[in-house]
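The structure under discussion appears below in the form of structure tokens.
The values are calculated or read from the model by the stated rules, or taken from the named source; none is laboratory data. Note that the coordinates shown come from a computational prediction; the quantities given were computed from them, not determined experimentally. Note that each Cβ is placed from the backbone with ideal geometry, even for glycine, and that neighbours are counted across all protein chains shown. Heads up: the accessible areas ignore ligands, DNA and RNA and are worked out on the full protein's heavy atoms, side chains in. Shrake-Rupley method; radii C 1.70, N 1.55, O 1.52, S 1.80 Å.
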Protein chains: 2
Amino acid sequence: MTPMMAAAAAQRDDGNAAPIAELITTYHELNSSLIEELSEEPSPLEFMRYVARNTPFVVRGGARDWQATKTWDVQYLTHFLRDHQVNVAVTPLGNADAPTLDKRGNTVFAKPHEEDQSFPEFIEYLTKQETDPNFQGSEIRYAQTQNDNLRHEYRALFSQVQRSVPFARIALQQDPDAINLWIGNSRSVTALHRDNYENIYVQVRGRKHFVLLPPLCQPCVNEQPLRPAHYARQGDGGGGDDDETLELVMEEDADDVPFATWDPDNDEVNTTKYSHLASPMRVTLEPGDMFYLPAMWYHKVSQSCSEEGVCVAVNYWYDMEFSGPLYPLVSFVRGINSVPEKPKA
Amino acid sequence: MTPMMAAAAAQRDDGNAAPIAELITTYHELNSSLIEELSEEPSPLEFMRYVARNTPFVVRGGARDWQATKTWDVQYLTHFLRDHQVNVAVTPLGNADAPTLDKRGNTVFAKPHEEDQSFPEFIEYLTKQETDPNFQGSEIRYAQTQNDNLRHEYRALFSQVQRSVPFARIALQQDPDAINLWIGNSRSVTALHRDNYENIYVQVRGRKHFVLLPPLCQPCVNEQPLRPAHYARQGDGGGGDDDETLELVMEEDADDVPFATWDPDNDEVNTTKYSHLASPMRVTLEPGDMFYLPAMWYHKVSQSCSEEGVCVAVNYWYDMEFSGPLYPLVSFVRGINSVPEKPKA
């Protein structure tokens, strides 16, 4: 079915379907589905043109000379953080902050169990799970606190990255609101979601695989209000780690979390009538690459490990611009998409 | 009625009314209704920030040193163009390209009669009509061809303005698609409309009064498909200008022109249920001022004359960016606003 046929089919369903389908198809007609690749950092003015177009790009090797890129191997990090306790997200499936089927068959929003672990123990678990075929481990661990952790929990490492990304700092006239360090392995996947931030992503070790949708594809992602739950360790009373399993605990008093339930990598299920109109963009970041993820873009992120068995990245969140027309218009798409359909004639 | 009350009232009417009202009120909550005033030209990067936010600004005195600003008085122009024939738009009411009631009481889209006139005769008519209380003249004249006239019809004058506006040329990486000269008097008003161009407006003589609405206020302006018509001189057969009147001639084979019919200066008539949510911005350009009118902004323009009785301006049209989300989203607002309402329950 061509996009225009799809738009015509959608029109038969209800009054808003045709404009929504036309919005998505028009966008794709006017925009490439390939990520632009630069070979050096843009100037602030060049960067501002991408911000104005809300369009991603990757700078191949843009961070290859950073000290972090050069030095953060497993041995270095283990030694440097040998006395550190760090916050770790623990899940059974690598599904921190992800739509997940609970035991009753309901899709809930699963948050990880969080606990402090010694950094050497944490990174040994990650790497053995990835590289040792005889490794016994029933859970997935991911250091993924997105709370400016590189200027707090991991501040010992902060001098080895840039304090801000110069082209972004100058163009956006601000310092980052948060700088986050991510350390995980290939078992963790970040589910499709979006953030109200301009995001500069720097790959340090291993690779990240992004699947991307522009903000106006909201009608494609099947956003649903999900009941929140979190994993908790449930012991059998006998003591010891081996006796424990991770069970989902519903957060009864918490509000529902509106969250995308369509997965572009499994695109035949949880569809909306617009999902097939989306043209997901894909990009893989290699070590030393720098990536601009514009504000409000949907992104799903999976990981491949370095030979040592880790994936390490740093990202810079800059406040997005809420004035101007983009934020109200993107909210409008969501509002229109949630208007109940007309009863069929 | 507050905006939120209005939004609630609109919600009772049909499913799309609430999101449309929320779009307009959210935009106004996040954006000032005052035009930003700069005292010197922005850098290309500073300009690009305004383009990214699709937000207008005025540079007071930004063109005060241009040769045009210094030299284009009536005597100079009359002498310089003494042998030139120029295209003149002629209307009975100063209503070139404007919604107009025809004799049957229908609102049509009235285009001017166009004819070539000697420049000295044209400008003498303009200035006498403005300054001579005994002037006998039943029509309104306006040199307003928007076809790059300053590089063609008026190219003799072109060396006296900038070939391009440097901050815009550098930021937008292009030369202007069109540079237009406008010469008229206070009798002409340009009706509320929008253009798919980034527009830099330079006031040379007299003053221009802009009334502005952002693109997402489309639901406020009561766009209607108007039958096109043009004025034509109708003689009584006796010869001589005094025997002629301007009559509207319908263009029977032409397509309807979709055009705004709400006038923010007469805001109680031709309203939509959203018109009262608009917060029109107003700015008056003084001689030597430079104004950025962002792409797709609605603008109504009236004029005041210099002591000599003319209003002279130059504008630079740069192609707008059609990639990125803004153009599809603004089109989407129009599409949603044209979806028929649900029947009332």
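In the range A:155-170, the residues that are under 15 Å from A:N315 (Cβ atoms) form Cβ pairs under 8 Å with partners that are open to solvent by 60 Å² or more (accessible area, probe 1.4 Å) and aromatic (F, W, Y), at six or more places apart or across chains, as follows: A:L157/A:F80. With the structure loaded, tell me whether B:S164 is more than 27 Å from B:P258 (Cα to Cα), of a type in the set (S, T, N, Q) and in contact with a Phe, Trp or Tyr (Cβ under 8 Å, 6 or more places away or on another chain) or whether it fails that test. Answer is yes for this residue.
Give B:L212, B:L216 a once-over and let me know the one that is within 14 Å of chain A (Cβ to nearest Cβ) and touching a strand residue (DSSP E or B) at 6+ places or on another chain (Cβ under 7 Å). Step through it out loud before you land on a result.
Details: B:L216 fails: touching a strand residue (DSSP E or B) at 6+ places or on another chain (Cβ under 7 Å).
Exactly one residue qualifies, and that residue is B:L212.
Among the residues examined, B:K273 does not qualify as in a strand (DSSP E or B), of a type in the set (D, E, K, R) and away from every other protein chain (no Cβ under 14 Å).
Please go through the range A:64-84 and pick out each residue that is of a type in the set (S, T, Y) and open to solvent by 70 Å² or more (accessible area, probe 1.4 Å). Steps first, please.
We begin by selecting, within the range A:64-84, every residue of a type in the set (S, T, Y); these are A:69, A:71, A:76, A:78.
Passing the criteria: none in range.
For the range A:85-125: of the residues being without any contact (Cβ under 8 Å) to a residue 24 or more places away in the chain and not hydroxyl-bearing (S, T, Y), which is most open to solvent (accessible area, probe 1.4 Å)? Result: A:R104. Within the range A:80-108, being within 19 Å of A:R187 (Cα to Cα) and not in a strand (DSSP E or B) holds for A:P92, A:L93, A:G94, A:N95, A:A96, A:D97.
All of B:R82, B:R64 fail the test of being within 29 Å of B:L293 (Cα to Cα) and in contact (Cβ under 8 Å) with a residue 12 or more places away in the chain, apart from B:R64.
Checked against the criterion of being closer than 19 Å to B:Y292 by Cβ, basic (K, R) and either assigned to a helix (DSSP H, G or I) or at pLDDT 95 or above (or both), the range B:144-152 contains not a single residue that satisfies it. Is there a residue in the range A:44-60 that is open to solvent by 50 Å² or more (accessible area, probe 1.4 Å), modelled with pLDDT of 95 or more and more than 14 Å from every other protein chain (Cβ to nearest Cβ)? Checked against the condition, which is being open to solvent by 50 Å² or more (accessible area, probe 1.4 Å), modelled with pLDDT of 95 or more and more than 14 Å from every other protein chain (Cβ to nearest Cβ), the range A:44-60 yields at least one hit. Can you work out which of the residues in the range B:310-332 that are in a loop (DSSP other than H, G, I, E, B), more than 30 Å from B:F122 (Cβ to Cβ) and not hydroxyl-bearing (S, T, Y) is nearest to the other protein chains (Cβ to nearest Cβ)? So the residue we want is B:G324.
What do you reckon, is A:R141 of a type outside the set (G, A, S), open to solvent by 10 Å² or more (accessible area, probe 1.4 Å) and not in a helix (DSSP H, G or I)? It would help to see each step written out before you state the result.
Details: of a type outside the set (G, A, S): yes; open to solvent by 10 Å² or more (accessible area, probe 1.4 Å): yes; not in a helix (DSSP H, G or I): yes.
Yes; evaluated as a whole, the condition is true for this residue.
Among the residues of the range B:32-43, write down those that are surrounded by 16 or more Cβ atoms within 10 Å (Cβ to Cβ) and among the charged types (D, E, K, R). So that I can check it myself, show each step before the final result.
As a first pass, look at the range B:32-43 and keep what is surrounded by 16 or more Cβ atoms within 10 Å (Cβ to Cβ): B:35, B:38, B:41-42.
Listed by number, the list holds a single entry, B:E41.
Taking the range A:26-79 only, how many residues are in contact with a helix residue (DSSP H, G or I) (Cβ under 7 Å, 6 or more places away or on another chain) and assigned to a loop (DSSP other than H, G, I, E, B)? Counting residues in the range A:26-79 that are in contact with a helix residue (DSSP H, G or I) (Cβ under 7 Å, 6 or more places away or on another chain) and assigned to a loop (DSSP other than H, G, I, E, B) gives 5.
In the set A:V221, A:V211, A:V310, only one residue is more than 27 Å from A:R169 (Cβ to Cβ), touching a Pro at 6+ places or on another chain (Cβ under 6 Å) and in contact (Cβ under 8 Å) with a residue 60 or more places away in the chain; that residue is A:V211. For the residues A:F135, A:F158, A:F167, the requirement of being over 27 Å from A:V221 (Cβ atoms), surrounded by fewer than 24 Cβ atoms within 10 Å (Cβ to Cβ) and within 14 Å of another protein chain (Cβ to nearest Cβ) singles out A:F167. Taking the condition of being open to solvent by 10 Å² or more (accessible area, probe 1.4 Å) and touching a helix residue (DSSP H, G or I) at 6+ places or on another chain (Cβ under 9 Å), how many residues in the range A:284-295 meet it? Within the range A:284-295, residues that are open to solvent by 10 Å² or more (accessible area, probe 1.4 Å) and touching a helix residue (DSSP H, G or I) at 6+ places or on another chain (Cβ under 9 Å) number 1. Every condition in (1) open to solvent by 30 Å² or more (accessible area, probe 1.4 Å); (2) out of contact with any strand residue (DSSP E or B) (no Cβ under 6 Å at 6 or more places or on another chain); (3) among the polar types (S, T, N, Q); (4) more than 14 Å from chain B (Cβ to nearest Cβ) is met by A:N196 except one, and the failing one is (4).
Beta carbons closer than 9 Å, at least 6 apart along the sequence or on distinct chains, pair a first residue in the range A:14-34 that is within 8 Å of chain B (Cβ to nearest Cβ) with a second that is of a type in the set (S, T, Y) and assigned to a helix (DSSP H, G or I) for A:P19/B:S331; A:E22/B:S331; A:L23/B:S331; A:T26/B:Y327; A:T26/B:S331; A:Y27/B:Y327; A:L30/B:Y327.
Select from the range B:282-295 the residues that are more than 14 Å from the chain's Cα centre (by Cα) and closer than 21 Å to B:L326 by Cβ and list them in ascending order.
Initially, the range B:282-295 is screened for residues more than 14 Å from the chain's Cα centre (by Cα), giving B:286-290.
Scanning the range B:282-295 gives no hits.
Only a single item in (1) more than 7 Å from chain B (Cβ to nearest Cβ); (2) in a helix (DSSP H, G or I); (3) open to solvent by 10 Å² or more (accessible area, probe 1.4 Å) is not met by A:G335, and it is number (1).
Results for (1) within 17 Å of the chain's Cα centre (by Cα); (2) crowded, with 19+ Cβ neighbours inside 10 Å; (3) farther than 20 Å from A:Q67 by Cα, shown as yes or no for each residue.
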| site | (1), (2), (3) |
| --- | --- |
| A:K273 | no, no, yes |
| A:W297 | yes, yes, yes |
| A:N315 | yes, yes, no |
| A:F322 | no, no, yes |
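For beta carbons closer than 6 Å, sequence separation of 6+ or different chains, a first residue in the range B:246-269 that is assigned to a strand (DSSP E or B) and a second that is among the polar types (S, T, N, Q), the qualifying pairs are B:E247/B:Q234.
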